[in-house]
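FYI, it's all coordinate maths here, none of it is from the lab. Being a predicted model, the structure only gives us computed values, none of them experimental. Virtual Cβ from ideal backbone geometry, glycine too; neighbours counted across all protein chains shown.
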Protein chains: 2
Amino acid sequence: MSTSPRLRSLNIDNINPHVRKAEYAVRGELAVKSEEYRAQLASGKGSDLPFDDVISANIGNPQQLDQKPITFFRQVLSLLEYPPLLEKEDVLLNQLGYKKDVIERAKWLLEQVGSVGAYSASTGPQGIKESIAKFIEKRDGHPADPSSIYLSAGASSGVNTLLHIICAGPKTGILVPIPQYPLYTATLSLLDATCVPYYLDEANAWSTSAESITSALTTAKEAGTDVRAIAIINPGNPTGASLSYKDIESVIDLAASEHLVILADEVYQTNVFIGKFHSFKAVLRDMQKKNPGKYDTVELVSLHSVSKGIVGECGHRGGYFELCGFDPEVVAQIYKFVSISLCAPVIGQCLVELMVNPPTEGEPSYDLYKSERDGIFAGLQSRATALHKAFQAMEGVECGPPQGSMYLFPSITLPQKAIEAAKADGKTPDAFYAMKMLEATGVCVVPGAGFGQKEGTLHFRTTFLAPGTSWVEGVARFHEGFMGEYR
Amino acid sequence: MSTSPRLRSLNIDNINPHVRKAEYAVRGELAVKSEEYRAQLASGKGSDLPFDDVISANIGNPQQLDQKPITFFRQVLSLLEYPPLLEKEDVLLNQLGYKKDVIERAKWLLEQVGSVGAYSASTGPQGIKESIAKFIEKRDGHPADPSSIYLSAGASSGVNTLLHIICAGPKTGILVPIPQYPLYTATLSLLDATCVPYYLDEANAWSTSAESITSALTTAKEAGTDVRAIAIINPGNPTGASLSYKDIESVIDLAASEHLVILADEVYQTNVFIGKFHSFKAVLRDMQKKNPGKYDTVELVSLHSVSKGIVGECGHRGGYFELCGFDPEVVAQIYKFVSISLCAPVIGQCLVELMVNPPTEGEPSYDLYKSERDGIFAGLQSRATALHKAFQAMEGVECGPPQGSMYLFPSITLPQKAIEAAKADGKTPDAFYAMKMLEATGVCVVPGAGFGQKEGTLHFRTTFLAPGTSWVEGVARFHEGFMGEYR
């Protein structure tokens with residue numbers, strides 16, 4: 001507690017304690033340090049640094065690195081930003097390489113939103129919600145209702161909305177996978193609710209098991225926690241793991257019998273290298289069809305985003321969530337909550353429409369779209385494979401084959417001397433290792449502690465977005481040196 | 001309390017009670033009804049309605065109505081969305097009407113952000129923050145520090161951030177003007193903090209007085225509330241009132257002696273018809289200069305946005321806030337909080353840069369920019385004047401001359417019979433009146449109760465954004481009929 005005379009209204013001891021408690025390592029100390037290095041290099045004052053570039057492998061931010069935007073998407077957005085271009089159709093078509101379908105889509109989107117500079121309805125314009133519903137119908141083979149769809153500023157904003165509704169106080173518990181993307185634990189801290197961790201099975205390719213969930217649930221209930229929801233990240237972040245159809249069925253079964261809202265964070269649904277993506281919505285509807293009446297009141301939120309996948313447009317902050325099975329009175333409160341922040345960025349909402357309704361075979365922009373999309377996918381997969389191969393050759397590093405999302409999450413076994421040096425430095429061993437890696441190579445990763453990990457294990461998360469292989473070689477060299485120094 | 005067997009996890013009685021308590025009338029029952037009318041008219045099923053158009057005078061949403069975007073801004077944004085256009089400079093210049101400075105600015109902004117599809121640093125790219133600092137320096141005649149500037153998704157998101165930091169529990173009190181834009185009361189409800197209302201002086205052109213603030217503060221302190229901050233909306237929403245230099249000085253004096261954070265919501269700073277806008281920052285720095293040491297620890301947050309002003313680009317969700325005088329440990333928590341939602345929409349951040357750094361005299365886009373800007377300002381003022389004139393002719397309606405922002409906030413005196421009819425209908429009299437107006441004319445306004453008003457008074461807020469005068473005549477006719485019916 002500070003003892004100096006009170007000068008200001010606010011100090012670290014009297015601000016919102018829940019903000020203070022929240023942790024968000026993805027943009028924590030390492031990220032701040034990496035930005036300092038970047039600024040140093042940019043200003044020409046970084047000549048004494050042992051690297052020429054900072055590689056931000058801490059954030060899934062494709063366009064900061066190699067990834068180019070999809071041409072069709074961006075051409076449409078350029079017309080939405082400056083509609084008078086639509087009056088110069090011949091210039092667009094003959095001199096600027098725009099296709100007929102780009103122009104048509106821009107006109108159609110402008111009909112839906114009026115101007116991208118105007119607020120939209122709080123849940124999004126009807127026409128965009130109808131496009132999303134069609135996408136879901138096609139993906140799942142089951143109908144979707146546009147009025148159950150809410151446009152959001154990326155999936156983060158959707159998660160924030162839903163957790164705000166669900167969490168009624170410190171006794172409210174939410175099941176969160178460990179390791180997890182720390183948005184969940186951070187938001188639960190802010191809301192002063194209880195995180196109920198359930199562990200993913202590293203030995204089994206980071207799979208999700210009903211047993212592990214049930215055991216976490218039982219412990220929490222015994223402690224008096226009112227567990228109301230389960231968050232599932234599928235495909236996983238940071239793990240990349242995809243749930244099988246059968247595992248999804250067991251989660252839904254458990255949610256039905258235990259009255260748990262399912263928060264299905266499905267933002268990596270197109271980033272799957274092994275197996276096939278199954279949406280929670282599709283499996284739920286299948287189960288409802290097979291067992292009339294039994295699953296009607298299962299509450300499911302399915303979240304998606306333009307930030308990840310092949311689109312990689314994080315800067316546009318576009319996303320949506322779909323609600324199934326919610327009580328209409330609760331839905332009215334969700335509407336009110338989202339209306340307080342007015343609406344999601346409208347250009348981002350338009351980008352969501354483009355993502356869910358891309359050019360199809362036979363349309364003028366299709367060939368280019370397809371080649372760009374496939375190229376991005378193949379590039380992600382080949383970089384993931386190269387990185388995985390490098391990890392396999394490193395002493396004390398274990399990492400399963402890349403499964404999907406944008407990340408690898410290797411485990412590291414560090415020498416006792418390194419663990420002691422970390423302690424002396426006031427850091428967890430994985431944070432110490434990651435800081436040394438940044439200082440030596442300019443590569444910024446996130447220590448496993450930022451996502452949660454089983455006690456006694458150490459990991460780090462790295463994206464496989466950065467181009468080339470020299471940064472991977474740099475990491476391998478650093479690792480060898482680190483192990484040599486602390487062995 | 002619901003007595004049905006538990007089917008779902010969530011019901012209206014067990015969700016977050018603070019969400020349930022929050023009120024946000026700007027997009028409430030009337031807005032929902034108006035959207036239903038709009039959909040009915042669009043589908044051709046509205047032939048039995050007594051109007052052909054819905055006029056959304058409930059939301060300050062300029063581009064939904066008459067206002068055209070500024071050409072320079074949108075041309076730059078179109079290039080940011082599709083940078084390959086920059087390779088066709090001759091087509092841009094000679095066939096599409098883009099000027100040299102549009103191209104230069106787009107290139108410069110792309111250097112700052114990389115891609116508008118990439119996440120930026122959580123507080124915004126350095127170059128954009130430097131532009132904002134230059135704008136503030138020029139506006140205020142005092143230096144500004146780019147590292148104290150935080151880009152946000154509109155000003156709403158900035159207010160949300162600051163209130164999250166300040167509010168530590170139910171005992172935390174925030175002074176809020178009444179009437180106010182209901183974002184403040186809604187967010188305080190969500191945070192379970194205490195709203196300490198201070199009344200603006202309607203008889204005195206809705207001015208802010210230190211006496212009224214002091215009296216509210218004293219009452220709150222006596223009740224055990226830890227009052228930590230004061231929100232000031234200048235120019236006012238819904239009132240349009242601009243604070244004088246002297247009034248700002250007294251607020252700062254009070255804040256200094258009472259240790260109150262000043263939340264200066266200055267989003268309407270260019271919408272001033274009477275008097276001159278003074279920023280809190282400028283006045284604070286003047287006072288610091290005149291009284292060395294005395295005001296150094298005054299904590300001020302100044303918020304701005306691309307949504308209002310002449311820009312009117314609400315759909316882009318761009319804004320920023322500047323911090324002065326905060327404890328560095330508190331600043332670190334603000335950084336962490338904003339990093340959890342990753343970053344503000346990047347195209348919106350670029351638009352902030354364009355707003356604060358528009359074409360200047362002698363630059364190729366200046367003449368058009370100036371004529372558009374002046375045209376928008378003059379249009380706002382003339383529509384405000386016409387609307388005010390109409391109100392003056394209405395029985396029982398009182399309204400001071402338009403002062404600024406985008407709103408008029410007339411008081412209405414309704415007949416006793418109308419007040420009883422409202423009661424029978426389960427509505428406040430102003431909500432009843434506004435619903436009748438919507439049903440008769442298609443014009444959607446917000447009842448005064450949504451902003452707060454002195455007990456026994458009734459008001460409504462209307463924007464003066466809608467073009468033409470026929471809707472104003474419709475409102476006047478409705479009012480006459482309403483008074484006739486209930487007199």
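Quick notes
- By the count of other C-beta atoms within 10 Å, a proxy for reagent exposure, B:Phe337, B:Phe321 are ordered fewest to most as B:Phe337, B:Phe321.
- Volume per residue of the C-alpha convex hull in the range B:119-356, rounded to whole Å³: 117 Å³
- Seen from a random direction on average, the alpha-carbon convex hull of the range B:119-240 projects onto 9.1 square nanometres.
- Net length available on complete extension from A:Tyr245 to A:Ser209 is 11.7 nm, with 0.36 nm assigned per residue and the Cα-Cα distance removed.
- Estimated FRET transfer efficiency (A:Glu222, B:Tyr335; beta-carbon r; R0 60 Å; 0.05): 0.95
- Across every direction, the projection of the convex hull enclosing the Cα atoms of the range A:228-298 has a mean area of 4.6 nm².
- Projecting label points 7 angstrom from Cα along Cα→Cβ for B:Trp108 and B:Thr360 puts them 0.9 nm apart.
- Whole-percent pair-distance distribution, where bins are 10 Å wide, for the alpha carbons of chain B: 4, 18, 27, 26, 17, 6, 1, 0
- For the range A:314-329, 3J(HN,Hα) computed residue by residue from phi via the Karplus equation (6.51, -1.76, 1.60; θ = phi - 60°) reads 4, x, 7, 6, x, x, 8, 9, 10, 9, 10, x, 7, 5, x, 5 Hz, glycine and proline entered as x.
- Leading residue at positive end of dipole, chain B (Cβ point charges), from B:Phe51, B:Gly474, B:Asn291: B:Phe51
- Kirkwood-type radius of the range B:259-339, with distances r between different C-alpha atoms, in Å: 14.4 Å
- J(HN,Hα) series, the range A:158-173, from Karplus relation 6.51 cos²θ - 1.76 cosθ + 1.60, nearest Hz, glycine and proline x: x, 4, 4, 4, 5, 5, 4, 6, 6, 7, 9, x, x, 7, 5, x
- Globularity ratio of the range A:270-425, using Cα Rg and 2.2 N^0.38 Å: 1.44
- Virtual paramagnetic centre 7 Å along Cα→Cβ of B:Asp192, amide N under 16 Å, in the range A:151-168: A:163-168
- Value at 222 nm in deg cm²/dmol, rounded to 500, when DSSP H runs of n ≥ 4 in chain B each add -39,500 (n - 2.57): -14000 deg cm²/dmol
- For the range A:220-357: rounded, prolate or oblate by the Cα gyration tensor [a/c cutoff 1.5]: oblate
- Legend: ranking of residues B:Met394, B:Met406, A:Met355 from fewest to most surrounding C-beta atoms inside 10 Å; resulting order B:Met394, A:Met355, B:Met406.
- The range A:322-401: C-alpha gyration tensor shape, a/c 1.5 cut-off, then a/b vs b/c: oblate
- Going by neighbour counts of Cβ atoms within 10 Å, the residues A:Lys134, B:Lys336 line up, fewest first, as A:Lys134, B:Lys336.
- Along principal axes, Cα extents of the protein assembly as shown, largest first, whole Å: 86, 72, 68
- The aspartates and glutamates within cross-link reach of A:Lys171, meaning a Cα-to-Cα straight distance under 19 Å and a gap of 8 or more places when in the same chain, are A:Asp192, A:Glu222, A:Asp226, A:Glu258, B:Asp13, B:Asp192.
- Karplus-based coupling profile of the range B:38-47, in residue order and whole Hz: 4, 5, 4, 5, 5, 7, x, 9, x, 5, with θ = phi - 60° in 6.51 cos²θ - 1.76 cosθ + 1.60 and x standing for Gly or Pro.
- Largest first and in whole Å, the equivalent-ellipsoid semi-axes of the range A:100-166 read 23, 18, 10, each the square root of five times a Cα gyration tensor eigenvalue.
- Close amide H partners of B:Ile262, meaning residues 5 or more places away or on another chain with modelled amide H under 5 Å apart, are B:Ile230, B:Glu299, B:Leu300, B:Val301.
- Kirkwood Rh (inverse of mean 1/r, distinct Cα pairs), the range A:1-108, angstrom: 19.4 Å
- The magnitude of the dipole of the protein assembly as shown, with charges of +1 and -1 set on the Cβ of Lys/Arg and Asp/Glu and taken from the Cα centre, is near 360 debye.
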